[in-house]
Amino acid sequence: MINFIFQIDFYYMIYFMFFMGFLILSLNRFHLLMILLSIEFLILILYLMMVLFLNIFFLEMYFVMIFLILSVCEGVLGLSILIFMIRLHGNDYFQVLSIF
């Protein structure tokens, strides 16, 4: 019984962390580095959710490995865009970018 209650509290903590990741993403939307960090945090929480879900139903973990590979590629592309933007403009603010 105690193990079940602990498991429910753990799921609530994961959902709370996911909500906090979105809150951090929306509050720090002007700096590219903070956006990348909050997206990586959300990806780690999604990874944890997928592992728990797949373990509950005794499913294979191949999709989790593909998800990790794609999240690493996303992180590398984000950092390369950040480095390019800092070299070009001197900072990582989104205000310096103009569409027109």
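Values in this text are rule-based calculations from the coordinates and carry no lab data. Computed from a predicted structure; not experimentally measured. As a convention, Cβ positions derive from the backbone with ideal geometry for all residues, glycine included, and neighbour counts pool all protein chains shown.
The table that follows gives values for the structure above.
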| quantity | calculated |
| --- | --- |
| Equivalent ellipsoid semi-axes, the chain, via Cα gyration tensor eigenvalues times 5, rooted, Å | 34, 17, 8 |
| Per-residue HN-Hα couplings for the range 46-56 [Karplus 6.51, -1.76, 1.60; θ = phi - 60°; Hz; x = Gly/Pro] | 4, 4, 4, 4, 5, 5, 5, 5, 6, 6, 5 |
| Spin-label model distance (nm) - residue 44 vs residue 84, 7 Å beyond Cα toward Cβ | 2.7 nm |
| Where GluC sites (Glu not before Pro) fall in DSSP loop in the range 1-81, at most 14 other Cβ within 10 Å | 60 |
| The chain: most fluctuating residue of 77, 59, 44 per GNM, C-alpha cutoff 10 Å | 59 |
| Choice from 66, 35, 14 with maximal GNM fluctuation in the chain (Cα, 10 Å cutoff) | 66 |
| Value of relative contact order over the chain, rounded to a whole percent, pairs C-alpha under 8 Å and six or more apart | 28 percent |
| Residue 74-residue 8 pseudo-label distance in nm [points 7 Å out on the Cα-to-Cβ vector] | 3.1 nm |
